Every structure is written in structure tokens, then in C-alpha cells.
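Notes follow the structure.
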Amino acid sequence: MSDPLAKPQAISLREAFLFWLKLGFISFGGPAGQISIMHQELVERRRWISERRFLHALNYCMLLPGPEAQQLATYIGWLMHRTWGGVIAGGLFVLPSLFILIGLSWMYIAFGDVPVVAGLFYGIKPAVTAIVLQAAHRIGSRALKNNWLWGIAAASFTAIFAFNVPFPLIVLGAAVIGYVVGSWAPEKFSNGGHSGTNKSYGPALIDDDTPTPEHARFSAVKLLRLALIGAVLWALPMGLLTLLFGWNGTLTQMSWFFTKAALLTFGGAYAVLPYVYQGAVGHYGWLTPTQMIDGLALGETTPGPLIMVVAFVAFVGGYAQQVFGADHVFLAGAVAAMLVTWFTFLPSFLFILAGGPLVESTHNELKFTAPLTAITAAVVGVILNLACFFGYHVLWPNGFSAHLDWPSALIAIAAAIALFRFKRGVIQVLIGCALVGLAVHLLR
């Protein structure tokens, strides 16, 4: 805005719709990049919401399972334009990524054996290993503040690496430790949430002293109605899938599996990826380890939350299982991707629309609780295990008994140096490694 002292004019739902649509196509960079874009646009430039109210909403979203950037967009959209505003903001954050991933997944399945495509993915796979390792370092540097949290991270890594303990049990165990230890030593689990300087960029449409709008005030009747609507929105498609395909049908099991995954995404998408590969690769066999690595690479290069990699997993699974027969494999993959997206993100919308009024009842900054801090520490361990999993399949594609794939190892080392030493962006690293991989593949 040109005048920093002028209060912004009321924003229509149409104007908000156009902004959220634009955001859905430019939201690269993972949660940190997406939150930064929203802060620049909504707090600094447009002044739709003040810094303090923005951080207040963000801290609540950080407490929830699910993609915090998408939930933050939903929260702000809901605060500005009621329920439909939240649905539009959160939905447009996801839909562009969904349709892009359906197209890329089909191209991957249909043309993945073409030498050029195979060469590109040959270089991308080692880069993904380095990216996951960087994710473990990034989260660990923020979360592991004392020996207790380091111990939880080490124990979670040992549990999943050496004993293949299911991810939900690791989350539950970390939460119990955080609750018990945090009750008598809270300073060990005082990680806190996002904080800031509460800088003012001028009057905001939703300012620090703006009264909570009527629709954002808590009501037990509204909460009950929303819970019932949410239950119907989950049970109706799940019931139809069960009737059409049976409980053990591929689409039914995908929907059930990713409903559970949606409730376990504390710490972001990298936290739930170990659970996804345990189930999708190890238990159900919907895709191979190599395809899982390729899917993560595609997820990294598209806008929207990284957890959208579940759409790739579902597309490949539905396509390979030929749910609708051999003549409709694309349709099967597309329907699977859309169903899984629905069941993955439905809880996120419900958490915001149901919990938002409780959050708006106080503008005091929210903090991580001890159990959630412990879960974040455990997440570091499982992400490190994921890096080991990817590294094994990339560097020793034929098993430890075969030779190390030296070109892949050199590409992985170069990607790690670019990420850690030179702080290059993920997309830049993926493009560079893809080109090197293509050259190596074509020269062999």
C-alpha cells in the first residue's frame, strides 16, 4: 500500500480468492518459504493482518498435526471471510499442487523408462538423500536443545532403524515421555513456538486491537455442528468406498491409511514420510522404494505443502493396482490421488475451523507443550532414518553385496555441500543434480 498510515479497505471475498489462487501457484520453498511469502504479502505489503495476530495464529498451527502453512492460510481466510473464506484459502493452497502432481505422476509412470527421463531421475535421487539429511539437521538444530531431547532423538532412531518400531508408537512414546518428564522438569521441554518483534507495518485490517468477529467467537453449538459435519464428510466417502470395493479394497485402504497419517504429521511432512514408506512401500506394496524417492523429488519441485507427495503415492498405487481395470489406469491413479488428498487434508480444515474460536478467545502467544516438544525431538530420529533408507537404495541399488554406485555418491556429496555450505535452494540443487545425472546416464 502507498500510504503506510492509512487503514486498509475491507477486502471482498473475490479479492481474497484471487490472492489465495495466486499463492497456490507460487508457494514453493517448503513451510518456511510459504510462511515467509504469506508474511510478506499479508502482513508487510497488503496489511490484511497485524504481525502479532499473524504470529498468534501461526503458533496455534504449529501445535497441530498437518501442514502448518496450509493451516495458517485456512486460519487467516476463515478469520477474514468466515467458513467459506477458510475453505477457499486452504483449498487453493492445495489444489494447484494436486493437479500438477497428477500430471507429473502420469508422465513419470508413462515415460519413466525413456533414457532422458531416467537420466534426470538418476541425478535427482542422490540429491533427495541430501535434502532429507538437511531436513534432519534443520529440525534438529531447532529442536534438540538439551540432553533429554538428544536422547529422545537417538532412541527414536534406534527404535525405527534397528527394531522397525511403527512410527505411531514412536510418536506415542515420545509424547508420554514429554508429558511425564515435563510435569516435573518443564524447562527441559520449553522449546517455544514462533516469536517475533511484533513490528508494526502500519494499521492492519485485522489489527492487534481489532475485536474478534462474531463468527470467530466460541460457541458449543457451533463446535458440535462442525464436529457432526466433519464426521459426515469423512464417513460418507469412506462408507461408499467400503460398499463399492470392500474394506480391503485398494482405495478404501488408502483412504484409511492416509487418514491416520494426517493425524501423525507433527513436525511437518518429513516427519510423516517414514510412516508413509513403512505402510505404502513395506506393508501395502503400492510403490517401490525407488518410486518413493522419485515421488519426494517431484513433491519438492511443485508448489504447495510437501505432504502432497501422498498424491504421488496414491496415483502410482492406484495406477499399478489397476483399480478400474487395465483400460482405465490413469483414471484409477487420478481418483486415488484425489481421494487421498481429501482424507489427508480434511482434519486440517476441521482443526482450524473448530479450534480457531478457542484461539481467538486469547491473544496471548501460544507455546509448544512438553509432549509436542518431545515428539519434535523424536521426529529428528525418524527423519535421519529416512535419510539412511534413501541412501541405501540410491548408493547400493543392488544391495550391499554389490558395488557402491560411485557417480550417485559423488552427486549426493555435491548436493550436500551445495545445501549445507553454500545454502543453495532445494530446486536449484535438484535441477543441477538432474542435469549431472542425465550426463552420467547418457555417457554410460
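Put simply, the Cα atoms of the chain extend 66, 52, 48 Å along their principal axes, the longest span coming first. Using only side-chain charges placed at the Cβ, +1 for Lys and Arg and -1 for Asp and Glu, the dipole size of the chain relative to its Cα centre rounds to 440 debye. Is segment 300-406 best put as rounded, prolate or oblate by its Cα gyration tensor, with a ≥ b ≥ c the root eigenvalues, rounded for a/c under 1.5, and otherwise prolate when a/b is larger than b/c, oblate when not? Cα axes put segment 300-406 in the oblate bin.
In this simple spin-label model, placing a label point 7 Å from the Cα along the Cα-to-Cβ direction at both residue 229 and residue 84 gives a separation of 1.2 nm.
Summed over qualifying helices (DSSP H, 4 residues or more, each -39500 (n - 2.57)) and divided by its residue number, the chain shows a 222 nm mean residue ellipticity of -23500 deg cm²/dmol. Against the chain, whose longest principal axis is taken from its Cα atoms, helix 329-360 shows a tilt of about 30°.
Sorting 81, 328 by accessible area (1.4 Å probe), largest first, what list results?
On the way: 81 40, 328 95 Å².
Sorted descending by solvent-accessible area, the residues read 328, 81.
In this calculation the C-beta distance from residue 176 to residue 40 is compared with R0 = 35 Å, giving a FRET efficiency of 0.30.
With R₀ set to 30 Å, the beta-carbon distance separating residue 236 from residue 14 gives a calculated FRET efficiency near 0.50. Amide H to amide H distances under 5 Å link residue 202 with no residue, where only residues 5 or more positions off or on other chains count and H is placed in the peptide plane.
The mean sequence distance of close C-alpha pairs (under 8 Å, at least 6 residues apart), as a share of the length of the chain, puts its relative contact order at 33 percent.
With both labels modelled 7 Å from their Cα along Cα-to-Cβ, the residue 247 to residue 420 distance reads 4.7 nm. Relative to one another, the C-alpha centroids of segment 270-290 and segment 87-121 are positioned 18 Å apart. Couplings 3J(HN,Hα) of segment 313-320, computed from phi: 4, 5, 4, 4, x, x, 5, 5 Hz, in residue order, whole Hz [Karplus 6.51 cos²θ - 1.76 cosθ + 1.60, θ = phi - 60°; x for Gly and Pro].
Structure remark: mean-square fluctuation, Gaussian network model of the chain, C-alpha springs under 10 Å; the largest value among 117, 221, 359 belongs to 221.
Here the translational diffusion coefficient of segment 136-281 follows from Stokes-Einstein with Rh set to the Kirkwood radius across Cα pairs; for 20 °C and 1.002 mPa s it amounts to 110 µm²/s.
Kirkwood-type hydrodynamic radius, segment 1-152: 18.1 Å, calculated from all non-identical alpha-carbon pairs.
Multiplying the residue separation of residue 413 and residue 322 by 0.36 nm and subtracting their alpha-carbon distance yields 28.9 nm. Once the gyration tensor of the Cα atoms in segment 272-349 is diagonalised, the equivalent ellipsoid follows with semi-axes of 19, 15, 12 Å, ordered largest first.
In the chain, how many lysine pairs have Cα atoms under 17 Å apart, counting only pairs 8 or more places apart or on different chains?
Lysine pairs, 8 or more places apart or on different chains, close enough: 4.
Using the Cβ-Cβ distance between residue 442 and residue 161 with R0 = 41 Å, the FRET efficiency computed as 1/(1 + (r/R0)^6) comes to roughly 0.70.
The values are calculated or read from the model by the stated rules, or taken from the named source; none is laboratory data. Model, not experiment: these values are computed from the prediction. Don't worry about glycine lacking a Cβ; one is built from the backbone with ideal geometry, like all the others, and counts go over all protein chains shown. Protein only, heavy atoms only, side chains kept; ligands, DNA and RNA dropped before computing areas. Shrake-Rupley method; radii C 1.70, N 1.55, O 1.52, S 1.80 Å.
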